[in-house]
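Asks: Here it is, the structure, as C-alpha cells.
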Amino acid sequence: MTIGIDARLYFESGVGRYIKNTLLELDYYTAKNKTSDKYFIFLSNKGFEKISFESDALIKVKADVPWHSLKEQVNFTRILNSYNLDLMHFTYFSLPIFYRRKFVVTIHDLIINYVNTGKATTLPKPIYYLKRAAYHKVIEHAVKKSAHIIAPSHATKNEILKNYKVNKEKISVIAEGIDPDLFKKSTKPNALVPGKYILYVGNAYPHKNLNSLINAYRMIEDEVDEDLVLVGKDDYFYKKIHNQIEGDTRIHIFNSINDYELSYLYKNASFLISPSLMEGFGLTPLEAMANNCLPVVSSIDAFKEVCENAALYFNPESLKDIAGVLKKAILINKNEKERYEKLFKDRIKKFSWEKSLLDTLKIYERCNSIR
C-alpha cells in the first residue's frame, strides 16, 4: 500500500504537534516492524531540508504549497496525482478539492463555523469573507468525499455530526498524546521569569478569549502575588495583546520559547489557565498535567473530556467567574494540590502518540479494503 501524509504544517503550533508526533511514531514503528507499505511525506521546503527519517518506508516529497491558497487547489493536486497513491491522509481540513483519489482527513475542530474572526483579520473584509466562504466549502467537501474522518475528541465528532450530514460510523475519535519534549526535559528560559506566575499557552485568536482573561486578572491583580505569563507566537494577534497590556508590569508575553523552556514554565507555574470559548481537544491542559501543573480551564466539552475531574472549571463568558476561580486556584492548599497530582498520573496514562498511531494505521487498513 502506498500512503501519502500531508506534513506541510509540521512547524505550526497545534496541528504541527499532531503531525510531528504522528511521524515520529510512524518512523519508529516502520523501522522496528518490517512493512511493504510506503509512506510519502509531503513537506514544505523548510520541512524537506530539516526533517529526516530513520525508516526507509518514509519517503520525503517536496510540496512547498501554502495551505488555504489557490496553489493548494491546483499545484498540490498535480503533485499528489503524480504519485498514484492508494490512500492520502490530509492531516488538516485544508485540502485540494480537485483531488479525486481515496483520502482520509483529520478535522481537529469546527471553530471557524462558530467564531467570526473578521475583527482580528489582516485581510480586507471582502477578501476575508470570500476566503471564509471557501473554508466552508473545503470542509464540506472533506466531510462528504473522504473515505474516513479522524477527530481528536468526541466533542469534535459531535460537532461534525451536528453541522454535516454524515454517518457517525465514518468518524473515528483518536485522541492526541503528550510531546516527549514537554514531558521529560526542562530548561529555564533566558527571558525573565517572575517569582510566582499564572501560565497561559497558546495563540491569541478570538476564540482563545484572552481579552477576558486579561480583564479578569486585572480584577484581582492587586490582591495576588502571581503575575500572568502568556506564551505564544509573535504575530498580528499577539501584537494587539501587547497594545492592550502596555504599561502593565504584571503581565508578561514570551513569544520565543522552545519546548524545553515551555516544560520549565509548566513545571514552575502556580497553574495553567485556558479560557477558550471552543476547542477541538485539550492539548495544553494535557501538557500541563504531564508536568504536574494544575489546569484551570473553561467548562467546554473538549476540556472536560481530556481533564475530567483533574482540573478546576469556570464559565469563560463570565469575568466574575474567571476571576473567582483564579483566586480559588491561587489559594489551593498543599494537600489539595497533591490530590490533583495523583489524578494527573491517571489521566495522562490514557493519552499516547503510540496508541494514536496504531489506531490511525487501522483506519488506513480499513480504508484500503474499501473498493
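The values are calculated or read from the model by the stated rules, or taken from the named source; none is laboratory data. This one's a predicted model, so the numbers in the text were calculated from it and none came from an experiment. Methodologically, a virtual Cβ is constructed for each residue, glycine included, from the backbone with ideal geometry; neighbour enumeration extends over all protein chains shown.
Asks: Suppose the filter is more than 29 Å from Phe351 (Cα to Cα) and outside the structural domain of Ala151 (by TED's automatic domain parsing); does Ser299 pass it?
Replies: On the way: more than 29 Å from Phe351 (Cα to Cα): no; outside the structural domain of Ala151 (by TED's automatic domain parsing): yes.
For Ser299, the condition - more than 29 Å from Phe351 (Cα to Cα) and outside the structural domain of Ala151 (by TED's automatic domain parsing) - is not met.
Asks: Which helices (runs of 4 or more DSSP H) sit wholly inside region 143-244 and have at least 2 residues that are within 20 Å of Thr91 (Cα to Cα) and out of contact with any Cys (no Cβ under 7 Å at 6 or more places or on another chain)? First the steps, then the outcome.
Replies: Numbers: elements: 154-163, 210-220, 236-244.
Per the criteria, 154-163.
Asks: Go through Tyr18, Tyr92, Tyr28 for me and flag whichever is in contact with a Pro (Cβ under 9 Å, 6 or more places away or on another chain), in the same structural domain as Ala134 (by TED's automatic domain parsing) and under 25 Å from Pro152 (Cα atoms).
Replies: Unique residue meeting the criteria: Tyr18.
Asks: Just the residues that are touching a strand residue (DSSP E or B) at 6+ places or on another chain (Cβ under 8 Å) and either outside any helix (DSSP H, G or I) or crowded, with 19+ Cβ neighbours inside 10 Å (or both), please, taken from region 336-360. Reasoning before the result, please.
Replies: Looking only at region 336-360, we keep the residues that are touching a strand residue (DSSP E or B) at 6+ places or on another chain (Cβ under 8 Å), and these are 359-360.
Matches in region 336-360: Thr360 only.
Asks: Something else about it: Looking at (1) over 26 Å from Phe303 (Cβ atoms); (2) not assigned by TED's automatic domain parsing to the domain that holds Glu246, which is the only condition His154 fails?
Replies: So His154 meets the others, but not (1).
Asks: Six or more apart or on different chains, Cβ under 6 Å: which pairs go from a residue in region 75-104 that's at positive phi to one that's among the small types (Gly, Ala, Ser) and in a loop (DSSP other than H, G, I, E, B)? Could you list them?
Replies: none
Asks: Check whether at least one residue in region 137-147 is in contact with a helix residue (DSSP H, G or I) (Cβ under 6 Å, 6 or more places away or on another chain), at pLDDT 95 or above, surrounded by 16 or more Cβ atoms within 10 Å (Cβ to Cβ) and under 30 Å from Asp346 (Cα atoms), and report yes or no. Before you say what the answer is, go through the steps one by one.
Replies: Restricting attention to region 137-147, the residues satisfying the condition of being in contact with a helix residue (DSSP H, G or I) (Cβ under 6 Å, 6 or more places away or on another chain) are 147.
Next, from what is left, pick out any that are at pLDDT 95 or above: 147.
Applying the additional criterion that residues be surrounded by 16 or more Cβ atoms within 10 Å (Cβ to Cβ) yields 147.
Then keep just the ones that are under 30 Å from Asp346 (Cα atoms); that gives none.
For region 137-147, residues in contact with a helix residue (DSSP H, G or I) (Cβ under 6 Å, 6 or more places away or on another chain), at pLDDT 95 or above, surrounded by 16 or more Cβ atoms within 10 Å (Cβ to Cβ) and under 30 Å from Asp346 (Cα atoms): absent.
Asks: For region 184-218, which residues satisfy the criterion of being of a type in the set (A, V, I, L, M) and surrounded by 16 or more Cβ atoms within 10 Å (Cβ to Cβ)? Break it down into steps so the answer makes sense when it comes.
Replies: Initially, region 184-218 is screened for residues of a type in the set (A, V, I, L, M), giving 191-193, 198-199, 201, 204, 210, 213-214, 216.
Val193, Ile198, Leu199, Val201, Ala204, Leu210, Leu213, Ile214, Ala216 - these are the residues of region 184-218 that are of a type in the set (A, V, I, L, M) and surrounded by 16 or more Cβ atoms within 10 Å (Cβ to Cβ).
Asks: Right, next: From the residues in region 282-305 that are β-branched (Val, Ile, Thr) and outside any helix (DSSP H, G or I), which one is nearest to Ala329 (Cα to Cα)? Break it down into steps so the answer makes sense when it comes.
Replies: Going through region 282-305, the residues β-branched (Val, Ile, Thr) turn out to be 284, 296-297, 300.
From the residues that got through so far, the ones that are outside any helix (DSSP H, G or I) too are 296-297, 300.
On the way: Val296: 7, Val297: 11, Ile300: 18 Å.
For region 282-305, the residue satisfying everything is Val296.
Asks: How many residues are touching a Pro at 6+ places or on another chain (Cβ under 8 Å), among the polar types (S, T, N, Q) and surrounded by fewer than 24 Cβ atoms within 10 Å (Cβ to Cβ) when one looks only at region 288-324?
Replies: 1
Asks: Count, please, the residues in region 245-255 that happen to be under 19 Å from Val201 (Cβ atoms) and assigned to a loop (DSSP other than H, G, I, E, B).
Replies: Residues meeting the conditions: 3.
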